[in-house]
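The values are calculated or read from the model by the stated rules, or taken from the named source; none is laboratory data. If you're wondering where the values come from, they're calculated on a predicted model, not measured in any experiment. A quick note on method: Cβ atoms are made from the backbone with ideal geometry, for glycine too, and the neighbour counts reach across all protein chains shown. These accessible areas exclude ligands, DNA and RNA; they are computed on the full protein's heavy atoms, side chains included. Shrake-Rupley method; radii C 1.70, N 1.55, O 1.52, S 1.80 Å.
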Amino acid sequence: MALAGTYFTFARLAARDLMGNLPAPASHTDHLRAAEDWLKRAHDHGEDDGVSYGYTLRGGWRESYRETSGYIATTFFDLARDRNDADYHGRALRICRWLLTAQNRDGSFANPRYGDDGIVFDTGQDLFGLVRAAEVTGDASFRLGAQRAADWLVNIADAQGRWTRNEHLNTPHVYNTRSAWALLRMNQIEYNADRERVARANLDWAVAEQQTSGFFDSCAFVRGHSPFTHTIAYATRGLLESGVLLTDQRYITAAQRCADAAAAHVAADGFLPGQITIDGKSDASYCCLTGNCQFSIVWAKLFDRTANEQYRDTAIRAMDYVMRRQDIHTDDLNVRGAIKGSFPIWGRYAPMSFPNWPVKFFIDALTLRMRWSQ
């Protein structure tokens, strides 16, 4: 019966997207709180205190997802600080304690779907949560877990310092600039020159992979495919944040080049094609809503750095597009406040699902945007 209800829900959503029926708009605060409530429900549906992958056509609520739970913890810590909210603080700590139980003996984090071996990207994303937990609490167990994850990321690098093994689908990916950023975050609480060496090696490789278009080769999950805006934004943000931490303008400039190239694809209504080729051509008629949220964060941060109003305008339009497709009025708590992987819901990125990470980035992006206007 539950499975039949799930199929009915997604059939109804697909029909609504096909007809172009959008939910009624609401205030930014209402959209933000609905997203937060959904992300808490995803946490409640997770097993052993992790955050559920999300709500999907295949099986409804899925099992806890290690990779994204790590950086969702940082958002919960932010909300706990900004709201003085003990519930968010407790949730963040529960996630990070769960991560310690899921950590491999060598310090890495795996995705059980692909086996027990550690994965560079997953380990980097969980390192964010452990570093933040160590900073907030001073708890030695979080610091040790973060040290072990960071040490593994250093030790798994090749002779040039690059991550060429223990990669998703056995392919090096430019979006591991985010893992480099995680190593540099670890260096903020305990400096180690090897961490910076490995971070820089992977950041330098990412810069070398940048094309004249501003976009990156080796940024798709599968080499030769057009990357999703999700992974393009991962690479861009990793370069930007790493450049800031290292005060290295080369990385910031590379991030800005890609952000500018992506901004050129944003339509008046905020639509950004879900896939863009490495030579800068749109390769999708759908929107990867996750990518919209992630790039909105990048554009907001670039506005803070440059005061260029075009960045703020683009960030606003991209988020408006997502908000107009977030249903915060439905009685169905499985989807109220959630963000689809794609719009329409059958688009190629995470089709027929409401993953947890679009909501995390939506909350982060909308929080930044609300500094400007309601």
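Miscellaneous remarks
- Protein accessible area in the range 138-217, 1.4 Å probe - carbon and sulfur %: 45
- Whole-percent carbon and sulfur share, accessible surface of the range 235-294, 1.4 Å: 52
- Within the listed set LEU246, LEU130, LEU184, the Gaussian network model of the chain (springs between alpha-carbon atoms below 10 Å) gives the highest mean-square fluctuation for LEU246.
- Using a Förster distance of 35 Å, the FRET efficiency for ARG83-ASP304 (Cβ separation, nearest 0.05): 0.95
- Each Cα pair under 8 Å and six or more residues apart adds its sequence gap; the mean of these over the residue count of the chain is a relative contact order of 18 percent.
- Restriction of the chymotrypsin sites (Phe, Trp or Tyr not before Pro) in the range 153-260 to DSSP coil positions whose beta-carbon has at most 11 other beta-carbons within 10 angstrom yields TYR191.
- Counting lysine pairs in the chain whose alpha carbons fall under 18 angstrom apart, excluding pairs fewer than 8 residues apart on the same chain, gives 4.
- Residue of VAL51, VAL136, VAL359 that the Gaussian network model of the chain assigns the largest fluctuation, springs spanning Cα pairs under 10 Å: VAL136
- Under the combined filter of DSSP loop state and at most 12 neighbouring Cβ atoms within 10 Å, the range 317-374 retains these trypsin sites (Lys or Arg not before Pro): ARG371.
- Solvent-accessible area per residue in the chain equals 39 Å², computed with a 1.4 angstrom probe and all protein chains kept.
- If R0 is 35 Å, the Cβ-Cβ spacing of GLN249 and LYS281 corresponds to a FRET efficiency of close to 0.75.
- Among ASP116, ASP260, ASP82, the largest mean-square fluctuation in a Gaussian network model of the chain (Cα springs under 10 Å) belongs to ASP82.
- Cα gyration tensor category, rounded, prolate or oblate, for the range 276-336 with a/c compared to 1.5: oblate
- Tensor-based shape of the range 171-253 (alpha-carbon gyration tensor, a/c under 1.5 rounded, otherwise prolate or oblate): prolate
- Here GLU63 and ILE189 are evaluated by their C-beta separation; at R0 = 51 Å the FRET efficiency comes out at 0.95.
- Highest-first arrangement of 28-34, 5-11, where packing means the average Cβ count within 10 Å: 28-34, 5-11
- Cα-projected label distance for SER213 with THR330, points at 7 Å along beta-carbon direction, nm: 3.3
- Centre separation in Å (Cα based) which lies between the range 299-374 and the range 1-74: 14
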